[in-house]
Amino acid sequence: MTTEFSILGRGKAGRALAEAWGARVALVDHEARPEGLVVLAVPDRAVADLALRFPGRCVHLAGSLHLAGAPCAHPLTSFDGRARDWTGTPLAITGPVPDPLRRAFGDLGFAAFDLPSELKALYHAAAVLTSGHAANLWLGAEALLRAQGVALPGRGLLPLAEATLRNVAERGAEGRTGPFVRGDEATIARDAEALPEPWRDLFLKLGRALG
């Protein structure tokens with residue numbers, strides 16, 4: 001099969017997409033200057049300079065960054081360097097992404113939608129809350145227990161996280177549980193007292209804001 005385009009960058013996103021697209025693409029380093037269409041799978045700070053190398057023929061993956069003349073296709077997922085099933089995963093399109101690249105993302109199951117440039121930062125902040133911050137809360141909760149010698153058996157907190165996501169996916173806000181949803185002030189006070197700062201403040205602010 002003839003190579004259709006190149007991916008610049010060998011990070012987790014670049015490796016995952018290259019594996020999924022297979023022989024359709026060439027995976028190259030930052031220093032390369034390939035011909036044809038180029039997907040910039042590089043850190044946000046590197047996008048602007050690299051985009052100048054490929055005027056009119058590159059697309060970047062930076063969800064929060066808007067550059068005039070450099071369209072963006074941002075997959076709303078967490079890459080781990082391997083090809084996965086991305087069926088139904090949103091793909092935020094900002095600017096005139098070339099049709100061959102839109103089709104290539106569509107072939108992997110991504111669901112494209114148009115995202116105005118002025119909403120990119122808000123969109124990406126929502127993604128960070130859903131992914132990075134949620135992971136930090138989960139890992140932090142495990143660390144709090146571990147510091148006090150509590151070693152959860154089996155799969156630890158993971159079944160709780162999975163059940164919570166499943167319930168919310170099925171029922172929306174009605175799928176939430178816990179003392180803030182129930183208005184159980186006595187339990188909230190006990191739990192907060194058991195937490196060190198800054199976890200106590202975070203626990204109460206998140207609960208009061210969204211409970």
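Restricting attention to region 166-185, and to residues there that are surrounded by 10 or more Cβ atoms within 10 Å (Cβ to Cβ) and of a type in the set (Gly, Ala, Ser), which single residue is nearest to Phe203 (Cα to Cα)?
Within region 166-185, the match that is nearest to Phe203 (Cα to Cα) is Gly178.
What residue, of Thr177, Thr87, is modelled with pLDDT under 95 and among the hydroxyl-bearing types (Ser, Thr, Tyr)?
The conditions single out Thr177.
Is at least one residue of region 94-106 exposed (fewer than 12 other Cβ atoms within 10 Å of the Cβ), among the acidic types (Asp, Glu) and farther than 22 Å from Leu8 by Cα?
For region 94-106, residues exposed (fewer than 12 other Cβ atoms within 10 Å of the Cβ), among the acidic types (Asp, Glu) and farther than 22 Å from Leu8 by Cα: absent.
Looking only at residues that are assigned to a helix (DSSP H, G or I) and free of Cβ contacts under 8 Å to residues at least 24 places away in the same chain in region 1-45, which one is surrounded by the most Cβ atoms within 10 Å (Cβ to Cβ)? Let's see the steps before the verdict.
Restricting attention to region 1-45, the residues satisfying the condition of being assigned to a helix (DSSP H, G or I) are 12-24, 44-45.
Restricting the remaining residues to those that are free of Cβ contacts under 8 Å to residues at least 24 places away in the same chain gives 18, 22-23, 44-45.
Details: Ala18: 22, Gly22: 9, Ala23: 9, Asp44: 13, Arg45: 9.
Restricting to residues being assigned to a helix (DSSP H, G or I) and free of Cβ contacts under 8 Å to residues at least 24 places away in the same chain, the top hit is Ala18.
Name the one entry in Ala111, Ala127, Ala141 that is touching a Pro at 6+ places or on another chain (Cβ under 6 Å), surrounded by 11 or more Cβ atoms within 10 Å (Cβ to Cβ) and modelled with pLDDT of 95 or more. Outline the logic, then answer.
Values: Ala127 fails: touching a Pro at 6+ places or on another chain (Cβ under 6 Å); Ala141 fails: touching a Pro at 6+ places or on another chain (Cβ under 6 Å).
Among Ala111, Ala127, Ala141, only Ala111 is touching a Pro at 6+ places or on another chain (Cβ under 6 Å), surrounded by 11 or more Cβ atoms within 10 Å (Cβ to Cβ) and modelled with pLDDT of 95 or more.
Among the residues of region 186-199 satisfying the criterion of being of a type outside the set (Gly, Ala, Ser) and surrounded by 12 or more Cβ atoms within 10 Å (Cβ to Cβ), which is farthest from the chain's Cα centre (by Cα)?
Thr187
The values are calculated or read from the model by the stated rules, or taken from the named source; none is laboratory data. Keep in mind the model is a prediction, meaning the values are calculated, not measured. FYI the Cβ positions are ideal-geometry reconstructions off the backbone, even for glycines, and counts take in every protein chain you see.
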